[in-house]
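J.: I'd like to ask some things about the structure below.
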Amino acid sequence: MKGKRIPETIFNVRVRDESITGDNPYRWQNVSSNDIFRNKTILLFSLPGAFTPTCSTYQLPDFEKMFSDFKSKGVDEIYCLSVNDSFVMNAWGRSQNLEHVKLIPDGNGEFTRKMGMLVEKKNLTFGLRFWRYAALIHNCVVKEWFEEEGFEDNCENDPYEFTRPQYILKLI
């Protein structure tokens with residue numbers, strides 16, 4: 001993946017809109033991968049799912065805590081990508097009290113499929129999920145690539161070593 005351009009994809013996201021009154025002040029907005037990654041240095045990390053143990057206890061919170069460390073290394077923004085829809089991703093972000101990490105819902109897995117990182121997790125009754133990976137992306141081109149070992153459908157374990165923010169920070 002290093003040196004390759006990221007795939008062009010449209011993400012369907014729910015965004016807060018102050019002009020909408022009531023209990024649900026959100027509207028749908030299409031955001032392209034180019035909108036997110038163009039003319040910036042982005043650290044993207046992908047995980048199997050919102051509200052899952054490793055993702056919620058370690059991976060997302062640690063990236064949030066270490067945001068300023070990554071910023072000092074030239075990273076403009078950090079994005080977390082998951083198979084979940086925008087409703088789940090927004091709820092997860094609120095539950096995690098996120099201030100820095102931005103969440104991308106890839107509910108159909110289109111972006112991750114095009115990245116070659118979509119796996120079956122039928123053994124856990126999870127359906128299609130994302131293998132853990134991370135990428136340092138500058139202006140839509142992958143500059144550094146991090147991937148957990150053992151990539152395969154229905155993997156018996158959930159490795160979490162090479163996509164830890166502590167590991168990535170040492171290498172960028």
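Each value in this text was obtained by applying a stated rule to the coordinates, not by laboratory testing. Because the structure is predicted, anything quoted here is derived from the model rather than measured. For neighbour counting, all protein chains shown are included, and Cβ atoms are generated from backbone atoms with ideal geometry for every residue, glycine included.
J.: Give me the lysines in straight-line cross-link reach of LYS122: C-alpha distance below 27 Å, same-chain residues under 8 apart excluded.
T.: LYS114
J.: Here is a further query. So which aspartates and glutamates can LYS2 reach, going by Cα to Cα under 12 Å and dropping same-chain residues fewer than 8 places off?
T.: Of all the aspartates and glutamates, those that pass the test against LYS2 - Cα under 12 Å, at least 8 places apart if same chain - are GLU144, GLU147.
J.: If you don't mind, another one. Taking H as built 1.01 Å from N, whose amide H comes closer than 5 Å to the amide H of ASN84, not counting residues under 5 places away?
T.: ALA50, ASP106
J.: Taking only C-alpha pairs under 8 Å that are 6+ residues apart, what is the relative contact order of segment 10-171 in percent?
T.: 24 percent
J.: Can I ask one more? When a/c reaches 1.5 or more, the comparison of a/b and b/c decides; with that in mind, is segment 41-82 rounded, prolate or oblate per its Cα gyration tensor?
T.: It comes out oblate by the Cα gyration axes.
J.: When the helices in the chain are scored as -39500 (n - 2.57) per DSSP H run of 4 or longer and the sum is shared across all residues, what 222 nm value do you end up with, to the nearest 500 deg cm²/dmol?
T.: Using -39500 (n - 2.57) per qualifying helix, the result is -5500 deg cm²/dmol.
J.: Also, I was wondering about something else. Search the structure for amide H atoms under 5 Å from the amide H of LEU128, placed 1.01 Å from N in the peptide plane, and list their residues when 5 or more places away or on another chain.
T.: Here the answer is LYS121, since their amide H atoms fall under 5 Å of that of LEU128.
J.: So how far apart, in nm, are the two label points at LEU171 and THR57 if each is 7 Å from Cα heading toward Cβ?
T.: 2.4 nm
J.: Over the alpha-carbon set of segment 10-171, divide Rg by the Kirkwood Rh and report the Rg/Rh ratio to two decimals.
T.: Using only Cα positions, Rg/Rh for segment 10-171 is 0.95.
J.: Related question: About the Cα centre, and with charges only on the beta carbon of Lys, Arg (+1) and Asp, Glu (-1), how big is the dipole of the chain? Nearest 20 debye, please.
T.: Charge dipole, the chain, about its Cα centre: 420 debye, nearest 20.
J.: Related question: Suppose we flag trypsin sites (Lys or Arg not before Pro) only when DSSP calls them loop and at most 14 other Cβ atoms lie within 10 Å. Which is the longest uninterrupted stretch of the chain?
T.: In the chain, the maximal stretch lacking such sites is 74-172.
J.: While we're here: I'd like the Karplus ³J(HN,Hα) series for segment 78-87: coefficients 6.51, -1.76, 1.60, θ = phi - 60°, whole numbers in Hz, and an x wherever there's a Gly or Pro.
T.: Going residue by residue, I get 10, 10, 10, 10, 9, 5, 6, 7, 5, 4 Hz, with x marking Gly and Pro.
J.: With labels modelled as points extended 7 Å from the Cα through the Cβ direction, what inter-label distance (nm, one decimal) is found for VAL141 paired with ASP23?
T.: The answer from the label model is 5.0 nm.
J.: Roughly what would the spin-label model give for LYS114 and ASN34, points 7 Å off Cα along C-beta, in nm?
T.: 1.1 nm
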